[in-house]
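A.B. asks: There's a structure below that I have some questions on.
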Amino acid sequence: QVQLVESGGGLVQAGDSLTLSCAASRRTFSGYAMGWFRQAPRKEREFVGGISGMSDSIIYANSVNGRFTISRDSAKNTVYLQMNSLKPEDAATYYCASRLTSGVATTVQSYAYWGRGTQVTVAS
């Protein structure tokens, strides 16, 4: 069983930066694609970005492309989401997710394991 634990959320001002971390519990993390999703109140969970198991493919949602960066550290079994130039519309609970394959995907249904989320609040 893969356990994912997000951290790094908090309250920031618009224009600030924040880095989220997601620690995985299994060594096989290094071979699995990882994704970041977010969900704002009364909205559906949406894809933010994903990184393949070998880090050779990274995909971002249009809304964050150029502002957010995903990376992974296989030695630490951790994936990161660096968020720059944050906007009020970026406020949401951010979730880390893991696939059972190395290829990155953009849909909620493509991911097998989920963390409990970390809250990001952006003040205008």
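A.B. asks: Place a +1 charge on the Cβ of each Lys and Arg in the chain and a -1 charge on the Cβ of each Asp and Glu, then give the dipole magnitude about the Cα centre in debye, rounded to the nearest 20.
C.D. replies: Here the chain has a charge dipole of around 260 debye.
A.B. asks: Gain in length, ASN84 to VAL108, computed as 0.36 nm per residue apart minus the alpha-carbon separation, to one decimal in nm?
C.D. replies: 6.3 nm
A.B. asks: Something else now. Filter the GluC sites (Glu not before Pro) in the stretch 26-124 down to the DSSP loop ones having no more than 12 other Cβ atoms within 10 Å, then list what survives.
C.D. replies: When the GluC sites (Glu not before Pro) of the stretch 26-124 are filtered for loop state and at most 12 Cβ neighbours within 10 Å, GLU44 remain.
A.B. asks: May I pose another question? For the chain, take N as its residue count and report Rg(C-alpha) divided by 2.2 N^0.38 Å.
C.D. replies: 0.96
A.B. asks: Tell me, what ³J(HN,Hα) does each residue in the stretch 53-58 have, in order and in whole Hz, if you take phi through Karplus 6.51 cos²θ - 1.76 cosθ + 1.60 with θ = phi - 60° and put x for Gly and Pro?
C.D. replies: Along the stretch 53-58, the couplings run x, 9, 6, 9, 9, 10 Hz.
A.B. asks: Gain in length, SER17 to GLU46, computed as 0.36 nm per residue apart minus the alpha-carbon separation, to one decimal in nm?
C.D. replies: 8.4 nm
A.B. asks: Mind checking the stretch 58-104 for trypsin sites (Lys or Arg not before Pro) that DSSP puts in a loop (not H, G, I, E or B) and that have at most 15 other Cβ atoms within 10 Å?
C.D. replies: Those satisfying the criteria are ARG67, LYS76.
A.B. asks: Relative contact order (percent) for the chain, with alpha-carbon contacts under 8 angstrom and 6 or more residues of separation?
C.D. replies: Relative contact order here is 36 percent.
All of the numbers you see were taken from the coordinates with simple rules; none came from a lab. Keep in mind that what you see is a predicted model, and the values were worked out from it rather than measured. Glycine also receives a Cβ, built like all others from the backbone with ideal geometry; neighbour counts cover every protein chain displayed.
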